[in-house]
1. Could you compute the FRET efficiency for B:L405 and A:S180, with r as their C-beta to C-beta distance and R0 at 45 Å, rounded to 0.05?
2. Take A:V116, project a point 7 Å from its Cα along the Cβ direction, then tell me which residues of the stretch A:235-265 have their backbone nitrogen under 18 Å from it.
3. For chain B, state the average projected area of the convex hull of the C-alpha atoms over all orientations, rounded to one decimal in nm².
4. Mind pulling the angle between the C-alpha long axis of helix A:9-27 and the longest principal axis of chain A? Nearest 10 degrees, somewhere in 0 to 90.
5. Within the stretch B:260-277, what residues put their amide N at less than 20 Å from the label point 7 Å along the Cα-to-Cβ vector of B:H244?
6. Between A:I38 and A:A23, what is the label-point separation in nm under the 7 Å Cα-to-beta-carbon projection?
7. Taking θ as phi - 60°, what are the ³J(HN,Hα) couplings along the stretch A:241-252 by the Karplus curve (6.51, -1.76, 1.60), each to the nearest whole Hz, with x for Gly and Pro?
8. Give the whole-number value, in cubic angstrom per residue, of the convex hull volume spanned by the C-alpha atoms of the stretch B:244-331.
Amino acid sequence: MARFIERHPAWALIVIIAVAVLAWLVFAIWPPGLEAAIGRKRVFLNAVLNGITLGGLYFLVASGFTLIFGLMRNVNLAHGSLYLFGGYIGYAISTWTGSWILSFIVAFIAVALVGVILQLVVFRRMEGQDLRQTMVTIGLSIVFADLMLWVFGGDFYQVQTPAWLIGPVQLPLLTAIKSSGEPVYLQYPLVRLVIFAASVVIGIAMWLALNRTRIGMIVRAGVDDRDILAATGVRIQLVFVLVFALGAGLAGIAGVVGGTFQSLSPGEDTRFLLASLVVVIVGGMGSIPGAALGAVIIGLAEQLGSVYIPTYAIVVTFLIMVLVLAVRPQGLLARR
Amino acid sequence: MLKGSLGLIALSSLLLSGTAFAQEKIKVGVTATLEGTYTVLGEDGMRGFQTALNVLGKKIGDKELEFVVASTDATPDSAVRAVRKLIEQDKVQILLSPLSGDEGIAVKNFAKTHPELTFVNAASGAQETTYVDPAPNFFRYNMDGAQWQVGLGKYAYETKGYRKIATVGEDYSFIYTQVFGLVLEFCGAGGQVTNRQWVPLGTKDFASVIAALPDDVDAIYLGLGGADAVNFLNQYQQAGGKAHLMGGSIMIDQTILSSKGSAKNALIGTIAASGQADTWEDPNWQKFVKAYQDSFPESKRFPSPSLLATNYYGSTMALILALRQVNGDLSNNQAKLKDALAKIEIDAPNGKIKLDANRQAIGTNFVTEVVDDGKGALFSKVVKVIPNVNQTLGYDPAVFAKIGLPSRTVPECKKY
């Protein structure tokens, strides 16, 4: 941190000012002039929180994608199908047993198994052949999409939110003061907060596992140089299978999350594949912190865009991607 | 050599018999949104189409109808691509297409490049399709989005006592047309529309849109459809929304009312207007509902047909009846068929339908309210039936032309 300030004093100043402005926007009561110019504070706060929580969902999908890519250099374009499949499994389990938590566990296991099969049957046979892998996974994603359409139809499915998570909570953030002097606090859907908290926990757990455990060490070594790692006697194929299972399982969990606060239907697979591609390109291929940063940036851009420039909201995320590709093509947090 | 020429002869005889066979058939291309946000709408549209075939049969005199189905995703380019494929590859002679508003405008324009063929609109409802520079070979037997809102504005103002409303709608031609119809009538009665929010088709995360809904209005009008509508309601429930709701025509039909989950319950009591009402007593309607229910097992359909099923049914019915009138005669660039289509009046399930000079339907509209049938299924209940709704909504054509074309900001909220 201190080194960053020494090396880039101008940038550091800009960042500090930006953080200060943001903190003021979040915590202060807005003067009427500002409200007239850019709308009510409640809308702004909601958009920011929505962006961050949506970022949590994107992170869950993209982290698996980036993990798999980072270690194996597989561009798994069937990742969106894994997301959707996990969502459908979660829906089936939650309607069958009525347990929301259980649906996460089953979705994780089921999709992780699909991941294992994919790794063993498909990727292992064409290791290092990027183009073939890409084409095969595109083909697989189309096959999966049609299979799921066949089984589940074109209907919209929603994983039932458990009763204790429905409805809003009051956050200790002031949005306005009524004329009677009574403060108005922000109301926010509880389920989104819980899901965001869960994705933060998963993110931290993944970071710890990668940086503090032996397996993590092996995975990181594999990211840096696969061949040398294999030469030291590590059973690298087993590590590949494990990482693929974890990445796929995370996509499955994300599917349940997405099915809870959005909905599941054909087409969601490609949407989330696209989202995770954009997130990973912005954050940096193969980097977990990069996926987190990219996810929050894309989530915020989508939500703030949909409120303040609704007409161009779709373009904003792609503009960010183009900007990143132009200025820092390896991604914001990627190592060279 | 002998072998080769034998093969050639065999091949050419096969080809010849193929063309001889094709003359017995009339090929019709059908498109529906079987992908993307409007998948469920497309699927139910196809159920309506299938029901019509079950009821009316595929025989036209001694010829038989043959159908080729193509899928679109509600974008205009996907519709044109599908229609072009049907014409160029599958050699269809008649088109039953498309489903969605923007698609309709694109297909109408495309129809002009094939004046020899006949296009029967399947379900799309943008005003521009038949109002601005209509194609002489494009026929629409369903009303447009604005016609489908007739009655709602007055009912909201006079009976429900709403004075100020805000709207949220998908950002494309059909919803513009719906809001156009609503605003004209509601503001004409004296109401105010304070805010119009537009969201891209296919929006998944509505949380910020919901947060931006104004508090100081009597009701919020929702012009959403398909997955968008379900997502909106789900997130609206999670955010604890409590406002009175009003619905557009595809917001309150069975595509949404029978979706899975409890979010749809936010719609109970919602007032809306559409080209149909689920509980209408009319025997013709009841017969259609029965035919629809009998055509598919219970798990493969909605409890009652959606607006899309009804539209596809009506369009297919008009086409088959007109073909029978001319005995399947498609000679002279299908002139006889086009003539018959322009003149035909059909007894559609949702009321009598005839076409105006632009080949746009004049039909019956319904003001409805969403009710729970006691077993957890939601239906739209008839509040008011309004016959003979034309495209200018009863306005003098000159006055109507001055209002402008439906868009994000047109019409202004005032009395015209």
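1. Numbers: r = 47 Å, r/R0 = 1.03.
Once the sixth-power term is evaluated, E becomes 0.45.
2. Only A:235-253 fall inside the zone, counting backbone N under 18 Å.
3. 22.0 nm²
4. 60 degrees
5. Within reach of a label on B:H244, which here means backbone N under 20 Å from a point 7 Å along Cα→Cβ, the stretch B:260-277 contributes B:265-274.
6. So the two model labels end up 1.8 nm from each other.
7. Using θ = phi - 60°, the values come out as 4, 4, 5, 5, 4, 5, x, 5, x, 4, 4, x Hz.
8. On the way: hull volume 11.1 nm³, N = 88.
Looking at the stretch B:244-331, the number lands at 126 Å³ per residue.
Computed from the coordinates by the stated procedures, all read-outs in this text should not be read as laboratory data. Everything quoted here is computed from the prediction, not taken from an experiment. Cβ coordinates were reconstructed from backbone atoms using ideal geometry, including for glycine residues, and neighbour counts include every protein chain displayed.
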